[in-house]
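The structure appears below as structure tokens.
The values are calculated or read from the model by the stated rules, or taken from the named source; none is laboratory data. No experiment lies behind these values; they were computed from the predicted model shown. Cβ placement follows ideal geometry from the backbone for every residue including glycine, while neighbour counts extend to all protein chains displayed. Areas reflect the complete protein model, heavy atoms only, side chains present, ligands, DNA and RNA absent. Shrake-Rupley method; radii C 1.70, N 1.55, O 1.52, S 1.80 Å.
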Amino acid sequence: GGSQQCHVYAQCVNREDGFCCVCIHGYYGNGKNCIKNDAPFRVNGEITGELNGRLLDTINIQAYVVVADGKSYTALSHVPDHFGFDMQTLSVFGGVIGWLFAKSTDGSKNGYQLTGGVFNHTSEIIFTDTNEKVTIRQHFMGLDVFDQLKMTAEIKGSIPKIPHGSKLDIDDYEEQYSISRPGLILSQSSRTFRTQG
């Protein structure tokens, strides 16, 4: 009953404070969107915007998530040569996907269990050595007909130049997420990059 409709792999549960959709055994999510436990998962999308004073043509982003192992692999394609090595500093694209499908421990929920894959994510990245700043706005639209998570992103700002042919090493880091109020989750992290090559 009511205006909320549960996912096909969820059930409506009557609680003291109202009705709630809960994914059935073998699936997880927020009840409005549920996916099979430990099944590999794909995320696809497009990135547009302006970076270092130049317009970006559409860049494709694809991620493959091995949920059972708690790993995700993210790749950008159709990246212009003049941005290719610089964009290694934007590890946030893979980071938010990692948060979405992280292995839950001690009853904590991952991003997909909180959002069902439908949310907006804004990152403000400040490079302290160069005082450059970039803002990334991502819009996650949930599952498509192929059960792949769709997203779009817009970039605006500037990032440091990385020497052509160099690879970045990123030290281990922690990122803490906290629910500020219903519908708003804040996170913060600090990362150290080193160039190789």
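Can you pick out the pairs among K103/K161; K36/K109; K71/K150; K71/K133; K109/K156 whose Cα atoms lie more than 25 Å from each other?
Cα-Cα > 25 Å for K103/K161; K71/K133; K109/K156; rest within.
Report the FRET efficiency, 1/(1 + (r/R0)^6), for Y64 and F146, where r is their Cβ-Cβ distance and R0 is 22 Å, rounded to 0.05.
Efficiency computed from Cβ-Cβ geometry: 0.95.
Using a 4.7 Å Cβ cut-off, which Cys residues in the chain lack a partner cysteine?
If one checks each Cβ against the other cysteines of the chain, C12, C20 turn up with nothing under 4.7 Å.
For the stretch 53-62, take each phi angle, set θ = phi - 60°, evaluate the Karplus expression 6.51 cos²θ - 1.76 cosθ + 1.60, and give the result in whole Hz per residue in order, putting x for glycine and proline.
The phi angles translate into x, 10, 6, 9, 6, 4, 9, 8, 10, 9 Hz.
In percent, how large is the relative contact order of the stretch 1-46, given Cα pairs closer than 8 Å and 6 or more residues apart?
Normalised by residue count, the contact order of the stretch 1-46 is 29 percent.
Once you keep just the Cα pairs under 8 angstrom separated by 6 or more residues, what percentage relative contact order results for the stretch 74-149?
The normalised contact order for the stretch 74-149 reaches 19 percent.
Rounded to the nearest 10 Å², what accessible area does E175 have for a 1.4 Å probe in the complete protein model?
Its heavy atoms expose roughly 60 Å² to the probe.
HN-Hα J couplings of the stretch 10-24 from phi, Karplus 6.51/-1.76/1.60, θ = phi - 60°, integer Hz, Gly and Pro as x?
Per residue, the Karplus-derived 3J(HN,Hα) values read 9, 10, 8, 10, 8, 10, 4, 8, x, 7, 9, 8, 10, 4, 6 Hz.
Full-extension gain between I126 and E46, please, as 0.36 nm times their residue separation minus the C-alpha to C-alpha distance.
Working it through step by step, the gained length comes to 26.5 nm.
Tally Lys/Arg at +1 and Asp/Glu at -1 over every other residue whose Cβ is under 12 Å from the Cβ of M141; what's the total?
Taking every Cβ under 12 Å from that of M141, the sum is -1.
Rounded to the nearest 500, what is the chain's calculated 222 nm mean residue ellipticity when only DSSP H runs of at least 4 contribute -39500 (n - 2.57) each, over all residues?
Using -39500 (n - 2.57) per qualifying helix, the result is -2000 deg cm²/dmol.
Between the DSSP loop rule and a limit of at most 12 other Cβ atoms within 10 Å, which chymotrypsin sites (Phe, Trp or Tyr not before Pro) in the stretch 91-197 are left?
Those satisfying the criteria are F146, Y173.
Extending each Cα 7 Å along its Cβ direction at L184 and H78, get the distance between those two points in nm, one decimal.
About 3.5 nm separates the two model spin labels.
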